[in-house]
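Rule-based calculations on the coordinates, nothing more; no lab input. Note that the structure is predicted; figures quoted are calculated from it, not measured. Virtual Cβ from ideal backbone geometry, glycine too; neighbours counted across all protein chains shown.
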Amino acid sequence: MRTKTDFEPLLVAFLCHWCAYTGADFAGSAGIKYPASVRIVRVMCTGRVDPLFVLKAFREGADGVLVSGCHPGDCHYVDGNIKAMRREPLLAAMLEQLGIERERFQLVWVSASEGEKFARVVTEMTDTLRELGPLNLKGGEQLG
Amino acid sequence: MAKLKLAVYWTAACGGCDMAMLDMGERVLELDRVADIVLWPLVADFKYSDVRQMEDNAIDICLLHGAVRNEENRQMAELLRQKSRVLVALGSCACFGGIPGLANFFDRQEIFTWVYLESQSTDNAGGVCPQTSARVPEGELTLPEFFDTVLTLDQVVDVDYYIPGCPPTTEMLWQAIQTLTGDQLPPKGTVFAGSKTLCDRCTRQKEGKSITGFRRLAAVDIDLQRCFLEQGIVCCGPATRSGCGGRCLRANMPCRGCFGPTEHVRDQGARLVGAIAAMIASDHREEIEKISHLLPVPDDPAATFYRFSLPHSLLKRKRKENAS
Ligand code: SF4
Ligand code: SF4
Ligand code: SF4
Ligand code: FES
C-alpha cells in the first residue's frame, strides 16, 4: 500500500487532440515545467470521454483524473465539450458517493495556446492529490 | 434416461428467487419428471453433511441464488461448485450482488455499529456485536465471518450460466431450465435474457426531447405512452439488459435496473451518467449543475444507478479509506 509520505500522485489526463493536447505539447516545447507523473491519454474530443473511462482510470490506479479540452464554443466537433460538461456533475456526485473526493475528478478548458494554464492546472491538481493522499482503490476487494 | 440431479440453494438472498421457482406452477411437476431434487432448503430438509458426502460433480445442475456476504456463503458456494457439473447464478444477487450488494456503500464496522449499537430500535445495553468465536460455559460458539464487501457468485467461484432478474421471470426460468435439462448445453457464460438494452426493446414513444429538470414519479401526471426519461423520470432502461419483457414499464413504473448491464454496457452507473446527462437541456455549466442536482435522488445517484449491481460494477464498492 502506498502511504502519504512516499507518494507521487498519479494523475491521468484525458486531453482533446485539438486544444488541451496541443496546449500540453506547447507547454513541453516552451519548457514550462509541470509534474512528470501526469499520464496523458489523447482523445479526439472531450465528448469521447465516456464516464466508463474515468471509472477505469481510477480502477487501474489513478489518484486523480483530469478531462481537458477546448473552451465552450471552440470544440472541433461543435458540442463534444458541452456533452462532457453535462456529464460532470452527475459523475462527480456518483464518484463522491463511492468515496472518490470531488477534487480527484476535474474538467478544465485549455486551448492550444494555453500551455501555461495546462502546466498550472496539472501542478495544482497534483498538489491537491498529494494533500488528499493515495486513492488505494485496489485494496477494496479483500473480504475480511 | 436417468433423471438429472438438481440442486437449488441460497446464500445472501431474500427468497424471492425461490418464490419465482415455485411460481412456475405446475411446471415444477414437469421438472420433477426430468430431475430429482437433491438439495432445496425451501422445499425439504437437507443438511450440509448431505452435500459434503456427495461425490464431486454428483449434482447435474445447481441453481444458486444470493450474493456472497459471509464465510458460510463462500464455503457453500465452493462446496456446491465442487459437487456440481453446471453451476448457474440465479437472480440479480448471485449475478451482480443485487440489493444485498448495496451494503458495499459501507463496511463491516459501519454496518455492525449501526445495526447492533446505534439504530433507534436496538436495545443492546451490553454492546454485543457478532464475533466469529465466543467462549461460553458450554464451550466455544462460532459464527461465520461477515465480510467487509459483498461479492457476486462469480467473484468467488467459476459460474457457468446466468439467469438475471430480481427475481427472474418465470418464463425465463422455465426456458433456462428446459435448455439446461436438454441435450445440448449453450456456450459457457450464456446469460438467459436479451442481449440488447431494455431501451432497445421499449415501445414507449421517444421524441428525442431534452429535460430541464428531473421529477419524482409520484409528483407528476405521467404520460402512459411516452418514455419515462423524456418526462424527467429516471429510468434505468439505457443501461439494463432486456429480457423481462418490460415488466415494470408495463405497470407504468420506470425500470430500476434489475437485469443488470449488458456485456456492452458493462457498468450501469457509467452508462446512466452518460445517457441521462445527454438529455440535459442546457449549455451552461451553472445551469447544468442545477438541473443535475434537481434529480429526485439528489444525494443518491450511485445507489439509483447501481441499485442491483454495485459489487459487479467497475469500482465494486465504496472506497475503503484504510484499505491495504
Ligand atoms: S435476486 Fe431479488 S428475488 Fe432473487 S434473492 Fe436476490 S433480492 Fe431476492
Ligand atoms: S428510458 Fe425507459 S421508458 Fe425510455 S425508452 Fe428506455 S426503457 Fe423505455
Ligand atoms: S423493467 Fe427493469 S427493473 Fe423492471 S423487471 Fe425489467 S429489468 Fe427489472
Ligand atoms: S475537440 Fe476539443 S473538446 Fe471537442
For peptide B:311-320, the mean count of other chain Cβ atoms within 10 Å per residue Cβ is 6
Magnitude of the Cβ-charge dipole (Lys and Arg +1, Asp and Glu -1) of the protein assembly as shown about the Cα centre, nearest 20 debye, reported as 940
The long-range amide H neighbours of B:R226, using H built 1.01 Å from N in the peptide plane and a cut-off of under 5 Å, are B:Q205
With a ≥ b ≥ c from the Cα gyration tensor eigenvalues, square-rooted, and the rule rounded for a/c under 1.5, otherwise prolate when a/b > b/c and oblate otherwise, chain B is oblate
Between the Cα axis of helix A:20-29 and the main Cα principal axis of chain A, the angle (0 to 90°, nearest 10) is 90
At the level of C-alpha centres, the distance separating the range B:151-187 and the range B:231-310, in angstrom, is 26
For the protein assembly as shown, percent of DSSP beta bridges that are antiparallel (nearest 5) comes out at 20
Note on chain B, DSSP bridge orientation, antiparallel percent to nearest 5 equals 30
Across B:A67, B:A89, B:A278, the residue with the highest GNM fluctuation in chain B (Cα network, 10 Å cutoff) is B:A278
Total charge of the residues flanking A:A30 in space, meaning their Cβ is under 15 Å from its Cβ, with Lys and Arg +1 and Asp and Glu -1, is 0
Computed, not fitted: 222 nm per-residue ellipticity of the protein assembly as shown from DSSP H runs ≥ 4 (each -39500 (n - 2.57)), nearest 500, equal to -8500 deg cm²/dmol
With +1 on the Cβ of every Lys and Arg and -1 on the Cβ of every Asp and Glu, the dipole magnitude of chain B about its Cα centre, in debye rounded to the nearest 20, is 860
Within the set B:D200, B:D183, B:D60, GNM on chain B using Cα springs under 10 Å gives the largest fluctuation to B:D183
Mean-square fluctuation maximum in Gaussian network of chain B, Cα pairs under 10 Å, restricted to B:P186, B:P167, B:P261, hits B:P186
The answer for B:L4, listing residues at least 5 apart or on another chain whose modeled amide H is closer than 5 Å to its amide H, is B:A35, B:D36
For A:K117, counting only aspartates and glutamates whose alpha-carbon sits under 16 Å away and dropping same-chain residues fewer than eight positions off, the answer is A:D25, A:D127
Helix A:80-97 sits off the longest principal axis of the Cα atoms of chain A, rounded to the nearest 10 on a 0 to 90 degree scale, by 10
Normalised per residue, the volume inside the convex hull of the alpha-carbon atoms of the range A:8-137 in Å³ amounts to 84
Among beta bridges assigned by DSSP with both residues in the range B:23-176, the antiparallel ones amount in percent, to the nearest 5, to 40
For the table B:K47/B:K318; B:K83/B:K320; B:K83/B:K316, the rows whose alpha-carbon distance is greater than 32 Å are B:K47/B:K318; B:K83/B:K320
The range A:1-65 and the range B:89-135 have their Cα centres apart by a whole-number Å value of 38
